[in-house]
Amino acid sequence: MPVYQFICTDCGRFEAAYSMADVPDAATCACGASARRGVSSPALASGGAAIGLIDRTRATADAPAVVDRVPNASRTAPRPANPLHAKLPRP
Ligand SMILES: [Zn+2]
């Protein structure tokens, strides 16, 4: 069940769990006042593979890795699947 954040004008922020179908626009605070629903960032799992990939992608955008050669430069051209293709004239 997702946790929603509500903002009381007197007490500040508090969280309450509601189902996505039943979440109200305002909840009652512990002080009795009505608190409107706020907007907060979702709680993403830290240290996961997806977060690590996003962090590495952002890092390469700002400071790309320095390389001393072209990646995969030692690869040769792929061999043709049919050996008869090797006898065809080359440009
Ligand atoms: Zn309150």
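Just so it is clear, none of the values below were taken in a lab; they were calculated from the coordinates. Everything quoted here is computed from the prediction, not taken from an experiment. Glycine gets a Cβ as well: all are built from the backbone with ideal geometry, and neighbour counts include every protein chain shown.
Points worth noting:
- Alpha-carbon radius of gyration plus Dmax, which is the widest Cα pair, for the chain in Å: 28.5, 87
- With both labels modelled 7 Å from their Cα along Cα-to-Cβ, the T28 to L84 distance reads 8.5 nm.
- When +1 charges are put on Lys and Arg Cβ atoms and -1 charges on Asp and Glu Cβ atoms, the dipole computed for the chain relative to its Cα centre reaches about 980 debye.
- Entry note, the stretch 1-62: relative contact order of 28 percent, from Cα contacts under 8 Å with a spacing of 6+ residues.
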